[in-house]
Structures are given as structure tokens and as C-alpha cells.
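Engineer: If you scroll down you'll find the structure; I have some questions about it.
Every number here is computed from the coordinates shown, using simple stated rules; none is lab data. Quick caveat: nothing in here was measured; it's all calculated off a predicted structure. Note: ideal-geometry Cβ built from the backbone for every residue, glycine included; neighbour counts use all protein chains shown.
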Amino acid sequence: MINEQLINPKSIVVIGGSNNINKPGGKILKNILDGGFKGEVYVMNIKEAEVQGIKSYNTVEALPPVDLAVIAITAQQTPEVVEVLTQQKGTKAFIIISAGFSEEGFKGRILENEIIEKINKVNGALIGPNCTGILNEHHQSIFTEPIPKLNPKGIDFISGSGATACFILESGIPKGLSFSSVYTVGNSAQIGVEEILEYMDKNFDEDKSSKVKLIYIETIANPQKLFKHASSLISKGCRIAAIKAGSSEEGSRAASSHTGALANSDLAVDALFRKAGIVRCYGREELMNVAAVFMHPPLTGKNIAIITHAGGPAVMLTDALSHGGLAVPHIHGDIADELLTHLYFGSSASNPIDFLATGTAEQLGTIIDFVDKRMPEIDGMVVIFGTPGLVRIFDVYELLNKKILAASKPIFTVLPSIYTAQEEIAQYLEKGGINFPDEVNLGRALSRVYHAPFPASESPEIPDVDVGRIRSIIDFAQNGYLKPNEIQALLDAVDIPRAGEAVVDNAEQAIVKANKLGYPLVMKVVGPIHKSDVGGVVLNVKDEKQMVSEFERMMKIDNTTAILMQPMLSGKELFVGVKYEDHFGHLILCGMGGIFIEVLKDISSALVPIELNEAYRMIQELKSYKIIQGVRGQEGINEDIFADIIYRLSALVYYAPEIMEMDLNPLLGSMQKIVAVDARIRIEK
């Protein structure tokens, strides 16, 4: 796994190094040399005596001992080279940029496994194969461009795709972003995104390590490891954003429950990222905008002052912030009146603070000082300043550089004139400034970062439930759908309120149980999976005569073994379900029932175990949350009881991981109570 020879080698050999810098082996050698690597650099090229001014060894056996080997030869030649390096040259770190391994199929996988075995024998580290390399402050062993500005407090970037890493860097560098390290993991044969994150966590230094991490990942091989180390890093003061690309075919497979149909691996990724505190992004620009926000001090509140000399961008930014749940509060009173005395006639101090196209650098500085020192209700500010090209604005951007360093509140700059003020922006960035060319993208990124959840606890609190009773039911149950009495017992074991009910298979018994439950009744067939589709659900059964008639009809439905009877209850329909997602674990979904889940797919999700505060967050994220609160004179639903049901359902599957799918659908809710009317549980041991 990751070792010192990979991160900070004393010597590097490029196997397949070339004089042709348009080839990977040539370009990677050039980048190492141009990067000022302080150790020994060797080259192996079977045809050349000298490569880029460095002596070339014609065989791997002729090489001196070396810490890190960067390999750019064919896949077929690689195992033999690795064997010599590990056994004879003491090499314990490898970056294999060559393709032709597991990504090509079975034969390539055999070669890859052979290499892994050889490297593992010496406790070595392997990045790749099929990657573009890595770079950090010690060495630039990467064959692609661009090479970003390196800074120990810049961004740590881990990518599952080398080409995508290039394009993401292309997006970030013009914004002024600097990087501490870049890792492209390729096939992740030994070291993947999760392992690099683990290394960063275990070796985190409060004073020296970067506190911003970015991830591009296509396959999450170990969700638990990703959660553990991402949440740990965030708890130490880091901020992490990630793109998870690609959707799993598993998400479209047939499912026999509402939860199974709604749940998919992408929902699980969402839930994992939220639980870890990772900001999820969906494109390169979005990732870089979030990263740029990360490079500023965090907002301590949601109130933003917009300082501008152009009205349109300020209006668009106000809309973006408002839609994202941030605020642009009205500024008025004595402080606004005093500020206006420093500005040209026609300016506005009401927020946005518009100091006109003729506004000066001195006026901008005055506004920033007012907002920073005399407006405690403001938590951060955005400065929008461009130019139509009539005058040079070096003085404005010079002032911005100074004010950003001196201000106690974060200042985000929108400098849109990337062509007409190209020189001024270049100087601004050179001095450490960060630019958001588009104000709406900034507004969205600010909102996304501000609302990012804090990581869940690694040792969450789980409610007291009857674990013995849960296990006695699960241990003796058969695979498949549980019987109604088993479901009832499980719900009772975790104190989830349910409707009174009885399961009957003859008319005489039905009469006795119906009288005990009381009319009106709901009757449902036991056996068929989709009850409504076969006429297996009857509502509002008002008397014994109707009950007996429906009982006799329903017992004739194919696969029916009994009839479930319950009192007819009232309330708004709610839904809670569980789905086991491979690798991720149990995913709990909740929402309003009926049209909200069937048509609108208004659901919220979280990974088990769920703490009570997470349960509240799930409910409050629903688009239909206002209905739960109560809207337009209609009574709402008891949010505390709803959250407690989710919390207790999480405990049930925590202690009964054999549950593969579960629906509580519907639950009927009011302000007084919430009751599970119907439940289905499928287990798989």
C-alpha cells in the first residue's frame, strides 16, 4: 500500500523513457525533470544511450537500486520488469501508466494479478495500471498536462480517470486554484480512491496538510472505507467534494416492493455522501466552483452582501442565492445612509450595494470596510467587478487582493471580464486571488456548500429495542416474505405503532375477529404480492353480511391463503421502506404516500444506522414537507412520531441485517398518531 517511496522517493526510474516528449514515456520524464525532482533520475530504454540528457540503461538488470519505478512499456513486458525491480533493485513503489490490463479483459487481468502479487510480496505500492500518474510537491510523475500551480495548502485531487483529471484541472486553473497533489488511480489494482483517502486521513497534519479534497470516482469499491475516512477528515477540519459518475444496472432491476423499485445505487451514493459530509457534484465546472468556495473561509451564516457596479449580474446572483436557501438581506437605516455619503449620486446601499459603473477602487474599499466591520448581520460578501474595456482596472483588483487578506468575513469575487481584463485578472490570480467568472455558478456553489451536512457519527446512538425478540423471529423464519404474525411481532419489538389486525382462513373465525376489531374494516388477501391488482383489497367493510361476502370472494383469488382484517383508519398516507443495496448496506426511504411516491417519486433516503437527527433531516428534505407541517388550514402530521418510526426501523434492520426489502405502506398519520396499516418484509439469509 501507500508508502514513503511513492510519496517522496529518493530516486525514480522511468522504464520506457523516451526522447520523444509526445510519447507518455518521454513526457513523464520531462515533467519529472521540469518539476525539479531533487533525487536521482534514471531511464531504461533498450535502444538509447542517452534520453533527455540522462544516461539510459538498456536492461532493467543494469539499473542501480531505485525507490520508484514509472513504467511505460507494453503490458506483456511489465511482469518481468516488476520481478527484477522488486527482487533485485529494492523497488517498493510503482506507477504503471501502460494499458492492456484488466480493462482489456481476462488475459489482461491475469497480467495485472501477476504484477500485484509481485509487488505485494515486498509490501510495495502500486498506482495504476492504465493511469496517467501522480504529482505532488516532491515529484511530478505524470505524463499529461496541464501541470497546476503546486501549493502544500492547495487542493488534494484524486481521480479514477486520467483524462477526466486533465479536464477538471483545465477548469480549475483559470479560476486561480492551486493543488497540493493529484492522483490518478486508473484500474485501482491495489490502490484506489478509498486507499488514498485513508492515507490522507491517517497522515493528516493540522498545520501542513491540505484541507480541501476533491474526488472523481466511477466505482465505489469500499463505501464503508470511503465513509470512515472522508467523515474523519471532515471532522478534522477538511472539506470534501466529489463527482460519482456512472449509474449501476442494479438500479433498474425488477423489484417486488415499492422500496425495491424506488431504491437504486445512485440513491445509495447520495445517502453515503450525505452521511460522510461530502458535497456531491455532477460536473467538472460545478466541482471546481465548489472547490473554489472551499478555498475561502466558511460562511458562519446565510446572509450575503452583494457589492456590484453592474445591476444585471447582481440580480441574477440574488436569485441564485435565494433559490439556494441563502439570503440577501435589505440594508437600511443610518448605516445605509452613511455609506451613501461616500458614493456617487445614484448609488444604492440597500443590498445589492450598487456603486455604479463609474465607481472607483477607493469606493469599493470603503464599502467592503463598512460591510466587514459595521454590519454584524452580514456573514459574507460577493464583489462583482468587470470592465467594458474603456479603462484598465489593475487598481481595483490590487485592492481586492489586499481586502480579502485583511477582512474578517469571506469575500468572493466575480470578475467576469476574462477577455477585456485578461491581464488584470492574471495578476490578481498570480497574487493568490480566486475568480468566479459566472455569478450564478458561484451562487449555486455557495448554497451547496453552506447546506452540506456535518458527518454522521461513526458510533451512532441506537434506540432500545427488544433484540432478543427480533433475533428469535428472524433466526427461525424462512427465506422470502414473512408471515403477518411475524411482521407484527417485529414491529412490536421495536415499538412501531401498528393497526390492530387479525389473519383468518375461515368464515366463522372471520366473524369472531371482525366483531372484536370493530367495523368498518379493511380486508386484504394474504399470499398474492400485488394485492390491489387482483382485487385483493376492500375498504370500508361496514357490517357482517358484507364482510362474509367479501371473505368468500377473496379466498377464491389465486394464491390466497388467508385474509388480513384491520380497522378502517383515517389520516394522511406516509411511506417508509428499507432496501439492502450491495456493498453499501441498508438504505431507508421515506416520503408521503399515494401520488407523492407513485408519481412524483418524492422520497428521501439515508444509510443505516440512522440517528434521530438524520431522521428529521430526511423528513425535512421532502418536497412535500409543508404538507407534513400543515398547510392552508389543513392539519399536519406529527413529525416527532414520524422521525421516531424511521429511527426505530433503522434499529430493526441494524439488528436484523437479513432484511432485504421492507415496506411500511401506508402509514396513516395525523397530529395525534401515526399507525402502520400494512407492512411487508422479505428476508434473505
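Engineer: Taking P(r) over Cα pairs in 10 Å bins from 0, in percent as the quantity of interest, determine which of (1) 3, 14, 23, 25, 19, 11, 5, 1, 0; (2) 3, 16, 26, 28, 19, 7, 1, 0; (3) 3, 13, 18, 18, 17, 14, 10, 5, 2, 0, 0 was computed from the displayed structure.
Structural biologist: Computed from the coordinates, P(r) over Cα pairs in 10 Å bins from 0, in percent corresponds to (3).
Engineer: Most exposed first by the Cβ proxy, i.e. fewest other Cβ within 10 Å, how do V608, V512 rank?
Structural biologist: So the ranking, lowest neighbour count to highest, is V512, V608.
Engineer: May I pose another question? Tell me the net charge near L321. Cut-off is 11 Å between Cβ atoms, L321 excluded, with +1 for each Lys or Arg and -1 for each Asp or Glu.
Structural biologist: 0
Engineer: Now a separate question. Pairing the Cα long axis of helix 311-323 with the longest principal axis of the chain, what angle in degrees results, from 0 to 90 and rounded to the nearest 10?
Structural biologist: Once rounded, one gets 40 degrees.
Engineer: Based on the Cβ-Cβ distance of D205 and D492, what FRET efficiency does E = 1/(1 + (r/R0)^6) give at R0 = 60 Å, to the nearest 0.05?
Structural biologist: Computed FRET efficiency for D205 and D492 comes out at 0.70.
Engineer: Report ³J(HN,Hα) in whole Hz for each residue of segment 196-212, in order, from the Karplus equation J = 6.51 cos²θ - 1.76 cosθ + 1.60 where θ = phi - 60°; Gly and Pro get x.
Structural biologist: For segment 196-212, the Karplus-derived couplings read 5, 4, 4, 4, 4, 5, 5, 10, 5, 10, 3, 8, 10, 7, 5, 10, 10 Hz, x marking Gly and Pro.
Engineer: Quote the relative contact order of segment 98-228 in percent (integer), defining contacts as alpha-carbon pairs under 8 Å separated by 6+ residues.
Structural biologist: Relative contact order, segment 98-228: 28 percent.
Engineer: Compute the distance from the alpha-carbon center of segment 470-519 to that of segment 131-186, in whole Å.
Structural biologist: Distance between centres, Cα-based: 59 Å.
Engineer: Now, a different point. So how do L29, L491 line up by other beta-carbon neighbours within 10 Å, fewest first?
Structural biologist: Starting with the residue having the fewest Cβ neighbours, the order is L491, L29.
Engineer: With axes computed from alpha carbons, what is the tilt in degrees of helix 439-450 against the longest principal axis of the chain, rounded to the nearest 10 within 0 to 90?
Structural biologist: Helix 439-450 sits at roughly 60 degrees to that axis.
Engineer: According to a simple spin-label model (label point 7 Å from Cα along Cα-to-Cβ), what is the distance in nm between S532 and K38?
Structural biologist: Label-label distance for K38 and S532, simple model: 7.0 nm.
Engineer: Indicate, rounded to the nearest 5 percent, the antiparallel portion of the DSSP beta bridges found entirely in the chain.
Structural biologist: Of those bridges, close to 50 percent are antiparallel.
Engineer: Within the set of other residues whose C-beta is less than 11 Å from the C-beta of V13, count the net charge using Lys and Arg as +1 and Asp and Glu as -1.
Structural biologist: Result for the local shell: -1.
Engineer: For N559 and E423 in one chain, what is 0.36 nm times their gap in residues minus the Cα-Cα distance, to one decimal in nm?
Structural biologist: 41.2 nm is the gain from fully extending N559 to E423.
Engineer: What is the gain in length, in nm to one decimal, between V391 and N506 on full extension, counting 0.36 nm per residue of separation less the C-alpha to C-alpha distance?
Structural biologist: 32.2 nm
Engineer: Against the longest alpha carbon principal axis of the chain, how many degrees, from 0 to 90 and to the nearest 10, is the axis of helix 394-406 turned?
Structural biologist: 60
Engineer: Right, next: Considering Cα pairs under 8 angstrom that are at least six residues apart, work out the relative contact order of the chain and quote it in whole percent.
Structural biologist: 9
Engineer: Pick out, in residue order, every one of the GluC sites (Glu not before Pro) in segment 390-461 that is DSSP loop and has at most 12 other C-beta atoms within 10 Å; say none if there are none.
Structural biologist: Those that pass, being in a loop and sparsely packed, are E458, E461.
Engineer: Does a label point 7 Å from the Cα of K23, set along Cα-to-beta-carbon, have any residues of segment 38-71 with amide nitrogen under 13 Å, and which are they?
Structural biologist: 44-52
Engineer: While we're on this one: Rounded to whole Å, give me the distance from the Cα center of segment 65-123 to that of segment 445-464.
Structural biologist: Using only Cα atoms to place each centre, the spacing works out to 41 Å.
Engineer: Given K89/K202; K211/K579; K244/K579; K30/K202; K524/K572; K149/K213, which pairs have Cα atoms separated by over 25 Å?
Structural biologist: K89/K202; K211/K579; K30/K202
Engineer: Could you tell me the number of lysine pairs in segment 370-512 with C-alpha atoms less than 16 Å from each other, where the two lysines are 8 or more residues apart or belong to different chains?
Structural biologist: For segment 370-512, qualifying lysine pairs total 5.
Engineer: Okay, next question. Find the relative contact order for segment 4-132 and round it to a whole percent, using C-alpha pairs within less than 8 Å whose residues are 6+ positions apart.
Structural biologist: This gives 22 percent for segment 4-132.
Engineer: What FRET efficiency would be calculated for the residue pair I595, E103, taking the C-beta separation as r and a Förster radius of 41 Å, to the nearest 0.05?
Structural biologist: Once rounded, the FRET efficiency stands at 0.35.
Engineer: I've got another one for you. What longest range of the chain stays clear of loop-exposed chymotrypsin sites (Phe, Trp or Tyr not before Pro) (DSSP non-H/G/I/E/B, at most 16 other C-beta within 10 angstrom)?
Structural biologist: Longest site-free region, per DSSP loop and neighbour criteria: 1-281.
Engineer: How would K409, K23, K556 line up from fewest to most surrounding beta-carbon atoms within 10 angstrom?
Structural biologist: Ordered by Cβ neighbours within 10 Å, fewest first: K556, K23, K409.
Engineer: Next up: Give me the net charge for the shell around P223: Cβ to Cβ below 11 angstrom, other residues only, Lys and Arg +1, Asp and Glu -1.
Structural biologist: +1
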